[in-house]
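Asker: Below: one structure in structure tokens.
The values are calculated or read from the model by the stated rules, or taken from the named source; none is laboratory data. Since we're looking at a predicted model, the values are computed, not measured. Cβ sites come from the backbone with ideal geometry, for glycine too, and all protein chains shown count toward neighbours.
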Amino acid sequence: MPVYKAPTRDTRFVLNELVRLESYANLPGFEGATRDMTDAVIEEAGRFTSEVLAPLNQVGDREGCTRHADGSVTTPTGFKQAYNQFREAGWGTLTAPQEFGGQGLPHALGFAFEEYMGESNQAFAMYPGLAAGAISAILAKGSDEQKAKYLPRMISGEWTGTMNLTEPQCGTDLGLIRTRAEPQADGSYAVTGTKIFISAGDHDLADNIIHLVLAKTPGAPDSTKGISLFIVPKVLVNEDGSLGERNAVSVGSIEHKMGIHGNATCVMNYDGAKGWLVGEENKGLAAMFIMMNAARLGVGIQGLAQAEVAYQNAVAYAGERRQGRSLTGAKDPAAKADPLFVHPDVRRMLMDGKTFIEGMRALCLWGGLLVDLSHKAATEAERQEADDLIGLLTPVIKGYGTDMGYKVATDMQQVWGGHGYIVENGMDQFVRDARIAMIYEGANGVQAMDLAGRKLALNGGRAIQAFFKLVDDECAEGSDNDAVGLVAERLAKVNGELKASTMWFMSNAMANPDNLGAGAYAYMTLLGIAATGLMWLRMAKIAARADGGEEPSFYAAKLVCAKHWALRSAPHAGALRREIEAGADTIMALPPEAFAA
Ligand SMILES: Cc1cc2nc3c(=O)[nH]c(=O)nc-3n(C[C@H](O)[C@H](O)[C@H](O)COP(=O)(O)OP(=O)(O)OC[C@H]3O[C@@H](n4cnc5c(N)ncnc54)[C@H](O)[C@@H]3O)c2cc1C
């Protein structure tokens, strides 16, 4: 069976030494987040996910979910018991607001827990994960009555939630939605339509499921400007809060899919189901974006998570499996062959994996801090900068994080050779589960366009300018440590390529918008390299200052990984800039018929 142990040591390093949660003790929610407290939460989160969820990961993959003749859906063996433990321990309440029963703790801590959930069992993690997205939309746009009615029980985990956007003819382009919502005399709406691919659409884990559904009201504009958001509970909730009748919503089928088999991805049929408007009519997209932004960061963390769990299994295998001899002479002459670890090409994959994982973990948890600072920082200027930066970095964490997460997962499968392709060893599951994260919550090409087409230009380019300055300032600080000096020098170059690419878009995208579309993906990757490089420079400085400390090998490894980023990751920036500057000429030159055989 695959191994998993939550990477608590590295999480503690990031939270305590890089993000420095304790230094924000003056902000609401951070006052309780002392080092002792966060360390204890991290250790307990590691125990729960490693001991309770990880053993169910292969079970979920093999069994999948079942839709029964009466239309009910059950989850794989053990999921319900594990969900009860999740609820009883209050894991869903970590970052939720205290007024609705949450603990109000920092998002950086919540993101660390999300990472462990994804590593140990991504399919399971999606049941409370989707609920968290629904909670954030109700919090932001729901009425006081809706908040009081739904939030406490969603936050406690008694009920879960879903996001219903996709329809057969409507994927990325939400303007194509056909689901209708007819106003009723009692103030509710009758919702009718079919949604597909709905994660956690039905299950046996909770007593009720609060579906958030995008639909159009009569006479609404036939575009994204005519979309409204509705709360449609699986079971209607009476005035006194008790559960009433079943609503007219049912599961048509469960999709057969490549991975995350333990999560029920459902076709949902709404047949005049009772729904209630969230926010204003025709303003549903704005509410949905709140939910989607939270979910996009969560999906980026899934990329990191699959990379980490696959990496742990590759490391274990590279130490056990013996094939061939080291190029520099036998390392274990008493045995007939050396472990895989001695081969530089195996090490290349492991080092690339380790460096991506630790850089991305730092970026995600720093992203969690930015989420909180954007609401809670003391001054308007600080709140605005945090909001700008997390807005800019969200498509990068989602797009670059999941692209690289998938690449690392396949590299780790490669370390296992042919045995990685054999199902019983479990490496294939990490690859299959990682693949979906590049597709849902906005396919990565759409993330790239959100970044290059929308986020770059917002407020006159304020966010990307803030990012350039952050990197410039970090690089400008001198250091007599060789590794820090090298990382600073290479990161400054990466920032230069990023600035030049941004300028190129400014000069060439207006005349031909395809130039932007053709370079957007490379730009997202370039910004991903720059953002993880910023994390590596900060981590290298901490490691250099620690001067070994009590754990010399931990900090020494940080410096080696930082150099690895500088020597192996940073050089891609120049090539990406050339790709961006190549524009759309070849990409759009051929007519569609020229692509046929
Ligand atoms: C397992 C699974 C779970 C899911 N869970 C949910 C869920 O819980 N709720 C929900 O509502 N949906 C869910 N989805 C749907 C998912 O979000 C969509 O599949 C995704 O948004 C893409 O839509 P599509 O599949 O229709 O692809 P299309 O929109 O048809 O796009 C196909 C390809 O074209 C590209 N493309 C399309 N438009 C553009 C553009 N403007 N610019 C650049 N490229 C473009 C896309 O990048 C994509 O690669 C889930 C899907 C799966 C497979």
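Asker: Among the helices (runs of 4 or more DSSP H) confined wholly to the range 489-597, which include 2 or more residues that are closer than 23 Å to K455 by Cα? Working first, answer last.
Answerer: Details: elements: 513-546, 552-564, 572-581.
Answer list for the range 489-597: 513-546, 572-581.
Asker: Can you pull out every residue in the range 234-280 that is of a type in the set (S, T, N, Q) and away from the ligand (no atom under 13 Å from the Cβ)?
Answerer: N238, S242, N247, S250, S253, N269
Asker: From A409, A452, A386, A443, which residue is more than 19 Å from I301 (Cβ to Cβ) and of a type in the set (G, A, S)?
Answerer: A452
Asker: Does any residue of the range 307-314 turn out to be closer than 25 Å to A443 by Cβ and touching a Ser or Thr at 6+ places or on another chain (Cβ under 8 Å)?
Answerer: yes
Asker: Here's something else I'd like to know. Could you please find all residues in the range 1-51 being outside any helix (DSSP H, G or I) and among the aromatic types (F, W, Y)?
Answerer: Of the range 1-51, the ones outside any helix (DSSP H, G or I) are 1-7, 19-20, 25-34.
Within the range 1-51, Y4, F30 qualify.
Asker: What strands (runs of 3 or more DSSP E), lying completely within the range 125-207, carry at least 1 residues that are within 16 Å of the ligand (Cβ to nearest atom) and within 23 Å of A89 (Cα to Cα)?
Answerer: Result: 159-164.
Asker: While we're here: List, please: which pairs have Cβ atoms under 9 Å, are six or more places apart or on different chains, and start with a residue in the range 400-425 that is at positive phi and surrounded by fewer than 22 Cβ atoms within 10 Å (Cβ to Cβ) and end with one that is among the basic types (K, R) and not in a helix (DSSP H, G or I)?
Answerer: Close Cβ pairs (under 9 Å, with a partner that is among the basic types (K, R) and not in a helix (DSSP H, G or I)) amount to G417/R321.
Asker: Let me ask another. Whether any residue in the range 452-459 is more than 12 Å from the ligand (Cβ to nearest atom) and either aromatic (F, W, Y) or buried (at least 24 other Cβ atoms within 10 Å of the Cβ) (or both) is what I want to check.
Answerer: Within the range 452-459 (the criterion being more than 12 Å from the ligand (Cβ to nearest atom) and either aromatic (F, W, Y) or buried (at least 24 other Cβ atoms within 10 Å of the Cβ) (or both)), the answer is no, since none of the residues qualifies.
Asker: Of all strands (runs of 3 or more DSSP E) completely enclosed by the range 228-276, which ones contain at least 2 residues that are in contact with a Cys (Cβ under 6 Å, 6 or more places away or on another chain)?
Answerer: Those strands (runs of 3 or more DSSP E) span 249-254.
Asker: Name the residue that is surrounded by the fewest Cβ atoms within 10 Å (Cβ to Cβ), counting only residues in the range 3-62 that are within 23 Å of the chain's Cα centre (by Cα) and polar (S, T, N, Q).
Answerer: Restricting to residues being within 23 Å of the chain's Cα centre (by Cα) and polar (S, T, N, Q), the top hit is N16.
Asker: Let me ask another. Scan the range 216-229 and give yes if some residue there is over 25 Å from K141 (Cβ atoms) and not basic (K, R), otherwise no.
Answerer: no
Asker: Consider A305 carefully, then state whether it is at pLDDT 95 or above, among the small types (G, A, S) and either touching a strand residue (DSSP E or B) at 6+ places or on another chain (Cβ under 7 Å) or part of a helix (DSSP H, G or I) (or both). Walk me through it before giving the result.
Answerer: Numbers: at pLDDT 95 or above: yes; among the small types (G, A, S): yes; either touching a strand residue (DSSP E or B) at 6+ places or on another chain (Cβ under 7 Å) or part of a helix (DSSP H, G or I) (or both): yes.
Judged against the criteria, A305 is a match.
Asker: Filter the range 510-543 for residues that are closer than 18 Å to D480 by Cβ and of a type in the set (G, A, S); which is surrounded by the most Cβ atoms within 10 Å (Cβ to Cβ)?
Answerer: Filtering the range 510-543 for residues that are closer than 18 Å to D480 by Cβ and of a type in the set (G, A, S), the one surrounded by the most Cβ atoms within 10 Å (Cβ to Cβ) comes out as A540.
Asker: Now for a separate question. Quick check on A215: is it among the hydrophobic types (A, V, I, L, M, F, W, C), within 13 Å of the ligand (Cβ to nearest atom), under 22 Å from S156 (Cα atoms) and surrounded by 18 or more Cβ atoms within 10 Å (Cβ to Cβ)?
Answerer: No: the conditions fail for A215.
Asker: Among the residues of the range 544-561, count how many are closer than 27 Å to D403 by Cβ and buried (at least 17 other Cβ atoms within 10 Å of the Cβ). Step through it out loud before you land on a result.
Answerer: Filtering the range 544-561 for residues closer than 27 Å to D403 by Cβ gives 557-561.
Within this subset, residues satisfying the condition of being buried (at least 17 other Cβ atoms within 10 Å of the Cβ) are 558-559, 561.
Residues in the range 544-561 being closer than 27 Å to D403 by Cβ and buried (at least 17 other Cβ atoms within 10 Å of the Cβ): 3 in total.
Asker: How do the pairs read when you match residues in the range 41-70 that are on the phi > 0 side of the Ramachandran plot with residues anywhere that are in a loop (DSSP other than H, G, I, E, B) and not aromatic (F, W, Y), using Cβ under 6 Å and keeping only pairs 6 or more apart or on different chains?
Answerer: Once the first residue is on the phi > 0 side of the Ramachandran plot and sits in the range 41-70, its partners that are in a loop (DSSP other than H, G, I, E, B) and not aromatic (F, W, Y) give G64/H261.
Asker: Same structure, new question: Restricting to the range 1-49, count the residues that are closer than 24 Å to R383 by Cβ and of a type in the set (F, W, Y).
Answerer: Number satisfying all stated conditions: 2.
Asker: Related question: I'd like the full set of residues that are touching a helix residue (DSSP H, G or I) at 6+ places or on another chain (Cβ under 9 Å) and part of a loop (DSSP other than H, G, I, E, B), limited to the range 67-87.
Answerer: Scanning the range 67-87 gives T75, P76, T77, G78.
Asker: Picking from A108, A125, A112, A137, which residue would you name as being at pLDDT below 95 and either more than 27 Å from L21 (Cα to Cα) or under 23 Å from the mean Cα position of the chain (by Cα) (or both)?
Answerer: Result of the check over A108, A125, A112, A137: A137.
Asker: Further question: Check G420 against each of (1) over 29 Å from L350 (Cα atoms); (2) modelled with pLDDT of 95 or more and name the one condition it does not meet.
Answerer: Result: G420 fails condition (1) only.
Asker: Conditions: (1) within 16 Å of the ligand (Cβ to nearest atom); (2) in a helix (DSSP H, G or I). E441 meets all but one. Number of the miss?
Answerer: Checking E441 against (1) within 16 Å of the ligand (Cβ to nearest atom); (2) in a helix (DSSP H, G or I), the one that fails is (2).
Asker: Only one residue in A566, A540, A575 is hydrophobic (A, V, I, L, M, F, W, C) and touching a residue at least 60 places away in the same chain (Cβ under 8 Å), so which one is that?
Answerer: Details: A540 fails: touching a residue at least 60 places away in the same chain (Cβ under 8 Å); A575 fails: touching a residue at least 60 places away in the same chain (Cβ under 8 Å).
None of the other options fit; the residue is A566.
Asker: I'd like to know if the range 364-373 contains one or more residues that are surrounded by fewer than 19 Cβ atoms within 10 Å (Cβ to Cβ), at pLDDT 95 or above and out of contact with any helix residue (DSSP H, G or I) (no Cβ under 6 Å at 6 or more places or on another chain).
Answerer: No; the residues of the range 364-373 include none that is surrounded by fewer than 19 Cβ atoms within 10 Å (Cβ to Cβ), at pLDDT 95 or above and out of contact with any helix residue (DSSP H, G or I) (no Cβ under 6 Å at 6 or more places or on another chain).
Asker: Confirm whether L498 is touching an Asp or Glu at 6+ places or on another chain (Cβ under 9 Å) and surrounded by 20 or more Cβ atoms within 10 Å (Cβ to Cβ). Walk me through it before giving the result.
Answerer: Working: touching an Asp or Glu at 6+ places or on another chain (Cβ under 9 Å): no; surrounded by 20 or more Cβ atoms within 10 Å (Cβ to Cβ): yes.
No, not satisfied.
Asker: Still on this structure: Tell me, please, whether a residue that is part of a loop (DSSP other than H, G, I, E, B), in contact with a Phe, Trp or Tyr (Cβ under 8 Å, 6 or more places away or on another chain) and farther than 30 Å from M258 by Cβ can be found in the range 468-481.
Answerer: No - not one qualifying residue is present in the range 468-481.
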